[in-house]
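Worksheet: the structure to be examined is printed underneath.
The values are calculated or read from the model by the stated rules, or taken from the named source; none is laboratory data. These numbers were taken from a predicted model, which means no experiment stands behind them. Virtual Cβ from ideal backbone geometry, glycine too; neighbours counted across all protein chains shown. When the accessible area is computed, the model is the full protein with side chains, heavy atoms only, and any ligands, DNA or RNA have been set aside. Shrake-Rupley method; radii C 1.70, N 1.55, O 1.52, S 1.80 Å.
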Amino acid sequence: MEIVFLGTGAGAPTSKRHVSAIALKFDQGSSLWLFDCGEGAQQQFARAKLSLARVSHIFISHLHGDHLFGLPGLLGSRSLQCAATAGLTVFGPQGIADYLRHCFAVTQTKLGYPLTIREFEDDGVLVEDAGVTVTIASLCHGIPSYGFAIQEAPHPGRFFAHLAMQQGIPPGPLYGRLKSGENVVLPDGRLVTAQSVVADPVQGRKVTILGDTAPCEQAAHLAREADVLIGESTFAETESQIAARSHHSTARQIAELARSARVRTLILTHVSARYQDVEDSPDSESHPLLTEARAVFAHTLLAHDFYRYHVNRRDRPRPDPYT
Ligand SMILES: [Zn+2]
């Protein structure tokens, strides 16, 4: 599972940051999911060498323009890619269907593939697809804004063929049953438990992507024990009054949320254009938002456009940095 940040700015693009768009690539299959689609997202796809034809799901966190204005163009351009005949589903808050229908009607855009639009309102499970569950929760942003928890199902544990051989089990259908967790009885009457030849299942990965929000209980709940939390840190604490007025989070607030939710890694995004001067510095480690967040939660990274983060599986017990 790889996260590709295509747009990491807030409000308006700068020379360094496009507005919100995050792609999620899965290890298996060619499917690609997109979270938010700010203006210019399709150009960022081209620069990141990602194929629009591979996009199967688009999730829009809320209807502010810096998360949405790139969507009609991206959907239209996808039609021009000859490989893009597979359907695509857009998930978003109420109003997204009207927005797209008006855009397509006024511009006489015809899509060359089936488009499904699913509006959501209630918190809960939104998608269960190929071993991945997406749960949504409403946040606190002045207009309906949502976060997404993407949770993989556990992976079956490794099958140890040599242990099976040692117990005199011949290769064949019995191996398949043991691998799937079933205990089997051999022709000579012996019981072989799956546990004796198969390792424990590997916990599935969890990535939580928050839409714009002030700190709130629902965001913390959605982020609980995530491998990666992607959270907005539009402002530093020095601008906390503006953050509160505009229902955004400061770097410190999102770091406090990451710590209380016991996430493994926090990645900051949705950075205000007011920091573009400091972003000219070659030393990105000294970025004020990163410094502020790391003072609270050490496992913090700051995304930039085209930053890629690979989410590893937890194949060992998780080291606990909190004790
Ligand atoms: Zn917003």
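What pairs from Lys179/Lys206; Lys16/Lys110; Lys49/Lys110; Lys16/Lys206 go past 27 Å between their alpha carbons?
On the way: Lys179/Lys206 24 Å; Lys16/Lys110 33 Å; Lys49/Lys110 25 Å; Lys16/Lys206 29 Å.
Distance filter (> 27 Å) returns Lys16/Lys110; Lys16/Lys206.
With the radius of gyration and the Kirkwood radius both derived from the Cα set of the chain, what is their ratio Rg to Rh?
Numbers: Rg = 22.4 Å, Rh = 21.3 Å.
Result: Rg/Rh = 1.05.
For labels at Ser284 and Phe104 in the simple 7 Å Cα→Cβ model, what's the distance in nm?
According to this spin-label approximation, the distance is 3.6 nm.
Run the helix sum for the chain: -39,500 (n - 2.57) per DSSP H stretch of 4+ residues, divided by residue count, reported at 222 nm to the nearest 500 deg cm²/dmol.
Values: 9 runs with 70 residues, N = 323.
Helix contribution divided over all residues of the chain: -5500 deg cm²/dmol.
Over the chain, what percent of the accessible surface lies on carbon and sulfur atoms, probe 1.4 Å?
On the way: 8000 of 15210 Å².
Answer for the chain is 53 percent, counting heavy atoms of protein chains only.
Under a GNM of the chain (C-alpha, springs under 10 Å), which listed residue has the highest mean-square fluctuation: Ser56, Ser286, Ser233?
Ranking Ser56, Ser286, Ser233 by mean-square fluctuation puts Ser286 first.
Return one whole number: the accessible area per residue of region 195-260 in Å², for a 1.4 Å probe.
40 Å²
Distance between the C-alpha centers of region 163-240 and region 18-64? Whole Å please.
26 Å
Kindly sort Val311, Val185 by accessible area of their heavy atoms, largest first, with the probe set to 1.4 Å. Spell out each step's value before the answer.
Values: Val311 5, Val185 95 Å².
Result, largest first: Val185, Val311.
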